[in-house]
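Right, one structure below, let's go through it.
The values are calculated or read from the model by the stated rules, or taken from the named source; none is laboratory data. Every value quoted in this text rests on a predicted model; they were computed, and no experiment measured them. All Cβ positions, even for glycine, are placed from backbone atoms using ideal geometry, and neighbour counts span all protein chains on display. Calculation scope for accessible area: heavy atoms of the full protein, side chains included, ligands and nucleic acids excluded. Shrake-Rupley method; radii C 1.70, N 1.55, O 1.52, S 1.80 Å.
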Amino acid sequence: MISAAPRLPALLEALGQRAPRGMVLGLDRVREALAALGDPHAGVPAVHVAGTNGKGSVCAMVESVARAAGLRTGLYTSPHLSRFAERIRVDGEMIGDAALERALSAALEQVPSPLTFFEALTVAAFVAFRDAGVDLAILEVGLGGRLDATNVIAAPLCTAITSIAFDHEALLGPTLADIAREKAGILKPGAPVVLGPLDPEADAAIEAAAQAIGAGPRLRVARAGHGGRAGEIAVGRAVHSARATRVAGPGRRAVEVELGLRGAHQAENAGVACGIAWQLAVRWPEVERALPEGLGAARWPGRLERIDAGGAQVLLDCAHNPHGAQALAAWLDEEGPGAARTALVLGAMADKRWGEMLQVLAPRAQRRFYVTPQGRAAAPLDALRGIAPGEPIGDPRAAVARAIEVAGPGGLVIVAGSIYLVGEVRSALLGIVPDPVVTL
């Protein structure tokens with residue numbers, strides 16, 4: 001049988017060869033490439049979401065709500081866990097091979113100047129969304145915001161910043177205000193802005209940027225259990241169910257739903273998603289009516305995702321910075337089986353704050369196994385063991401197998417610390433043949 005996309009393997013290989021160039025921030029090459037392809041991004045209504053953590057979950061929620069409302073959706077996210085095609089989704093499904101071949105061919109072969117790995121995928125996403133005729137594209141920023149390749153959208157329907165925490169300081173700056181200013185680079189004149197709960201330093205920096213550019217009205221999500229002031233979105237537990245979430249916004253708007261995504265922190269992400277949906281409802285009123293169904297149906301692999309494995313449960317979470325580790329720890333404290341029945345498999349990139357992550361997670365697991373994820377340089381195993389006693393196994397699959405044995409029936413195995421690690425383990429557990437690892 002002849003493949004419907006015979007050139008796709010070669011195109012994926014060519015795409016992967018762009019990765020060693022690393023991250024090159026800037027918009028000129030992307031704009032030039034898009035212009036050569038007829039500006040496929042220009043006619044697609046879009047939502048643009050930045051943030052240190054939570055942006056992928058918010059994008060998944062918004063996409064699910066829009067699809068429940070009957071819109072044809074495009075979703076562009078990064079990174080992927082197993083396959084490059086995960087990054088480009090149409091109507092909730094990974095882009096098909098034939099469509100991916102066409103989009104990559106355009107991005108790699110029909111542009112004036114060679115693009116980086118992320119730039120090429122971003123251009124391919126815009127081509128794919130145009131060709132699919134999507135009603136709405138939901139775009140997740142790759143890194144930062146101001147100079148991210150996705151920031152070629154001139155007039156988004158709404159922008160959002162989910163959170164500001166320390167990550168990628170070498171590129172984004174050493175303070176929360178510096179990081180906030182970079183992420184605020186996605187704000188556009190007149191476009192409404194939805195902000196997740198932010199520290200005052202970050203909020204002030206974003207507000208200054210919004211005023212300077214003439215951004216549209218700002219809608220802020222209060223921290224869970226707080227809120228109620230004018231212009232705020234309040235999130236909290238619904239009274240009728242211990243696991244349901246209530247999101248209330250201006251104009252007596254409110255929705256109660258049991259979220260499809262686990263974790264108390266997802267209530268705040270749902271607040272951001274509701275804020276975006278309420279802005280979209282100005283154009284598509286059915287979006288607001290679809291909020292309960294869409295939020296309940298939203299799924300996002302690798303985020304507090306459970307997989308059965310020989311009696312034990314493996315919990316995959318892409319927490320790869322201290323802020324993410326704290327959210328995972330909060331879930332473990334509330335819903336985990338306790339440290340005595342929990343094993344931790346942790347590996348991290350050397351340029352992350354792995355010591356802080358481990359200090360947060362180590363008390364939640366009686367047994368710990370340290371591994372070396374695929375990707376760029378990893379945190380040294382002996383250094384991890386120096387922070388909290390554990391077994392330096394190295395190989396993630398061997399470590400997970402050992403952790404499942406130790407946790408036993410009814411136990412919990414946490415896999416966290418690196419998105420590369422979660423992708424590798426998830427592929428192995430689910431029998432997915434992954435694409436080659438791309439290191440950025």
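Brief remarks follow.
- Calculated accessible area for segment 36-140 comes out at 26 Å² per residue, all protein chains present (probe 1.4 Å; ligands, DNA, RNA ignored).
- Close amide H pairs (under 5 Å, H built 1.01 Å from N) link residue 137 with 46, 47, 74, residues at least 5 positions away or on another chain.
- Amide H contacts of residue 369 (H built 1.01 Å from N, under 5 Å, at least 5 apart or other chain): 344, 345, 346, 391
- Relative contact order of the chain, taken over Cα pairs closer than 8 Å and 6 or more residues apart, is 15 percent.
- Straight-line reach from residue 183: taking Cα to Cα under 15 Å and skipping same-chain neighbours fewer than 8 places apart, the aspartates and glutamates in range are 140, 148, 167, 169, 199, 201, 203, 207.
- Segment 24-138: relative contact order as a whole-number percent, Cα under 8 Å and 6+ apart: 39
- Per-atom-type breakdown for the chain gives carbon and sulfur 52% of the accessible area (1.4 Å probe, protein chains only).
- Counting only DSSP beta bridges with both residues in the chain, the antiparallel share comes to about 35 percent.
- For segment 62-210, the relative contact order works out to 20 percent when only alpha carbon pairs closer than 8 Å and six or more residues apart are counted.
- By DSSP, the beta bridges lying fully in segment 1-156 are antiparallel in about 40 percent of cases.
- Each residue of segment 314-321 is assigned a 3J(HN,Hα), and the resulting list reads 9, 9, 9, 9, 7, 4, 9, 8 Hz, derived from the Karplus form 6.51 cos²θ - 1.76 cosθ + 1.60 (θ = phi - 60°), x at Gly and Pro.
- DSSP-defined antiparallel bridges as percent of all bridges, segment 66-196, nearest 5: 40
- For residue 194, nonlocal amide neighbours, meaning residues 5 or more places apart or on other chains whose placed amide H falls under 5 Å from its own, are 159, 160, 161, 219.
- Electrostatic bookkeeping for residue 213 treats Lys and Arg as +1 and Asp and Glu as -1; over the other residues with beta carbon under 13 Å from its beta carbon, the sum is +3.
- Per-residue HN-Hα couplings for segment 371-376 [Karplus 6.51, -1.76, 1.60; θ = phi - 60°; Hz; x = Gly/Pro]: 9, 10, x, 5, x, 6
- For semi-axes √(5λ) of the Cα gyration tensor in Å, calculated from these coordinates, the label among (i) 55, 25, 20; (ii) 32, 28, 21; (iii) 40, 24, 20: (ii)
- Of the DSSP H helices in the chain, those whose Cα atoms cover at least 18 Å axially and whose Kyte score averages 0.5 or more: 55-68, 117-132
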